[in-house]
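For reference, the structure discussed in these notes is given below.
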Amino acid sequence: MTSKNLLIVDVPQGQNQSCYKELENEGYSISIINTVEEALNSEGKPQLIILNTKLDGEGSEKIIEKLKTKNAPIILCSEWGKDKLSFPIWASEVSVVKSGDYKDLKLSIKEILS
């Protein structure tokens, strides 16, 4: 498998850290960044962005709009799935998965990158 570059925007020591380690073990190239501003200023072109909803005190919709400048598909990890009820997110190309379920996250990654 060719290495796929994933940009992960998540809080340090977030609950998905073990999943990210599994993704690395499966051959994905992982860059974990802790703030949206760092993600926007990062070099390189990710093939996929994984975003934790609990960042920088901003709403998910504003963060997604900023990250769209990276021109990569976005997976939004939502703790309670509340973001699925947000029409602007639901109507966009953003995938929403419950962050505690690694299986759904990994399946979404494979679907998007295939």
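The values are calculated or read from the model by the stated rules, or taken from the named source; none is laboratory data. As the structure is a prediction and not an experimental result, all values here were calculated from the model. All Cβ positions, glycine included, derive from the backbone under ideal geometry; neighbour counts span all protein chains shown.
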Going residue by residue through region 37-46, is there one that turns out to be within 17 Å of I112 (Cα to Cα) and at pLDDT 80 or above?
yes
Output the residues belonging to region 9-42 that are out of contact with any Ser or Thr (no Cβ under 7 Å at 6 or more places or on another chain) and at positive phi.
Q13
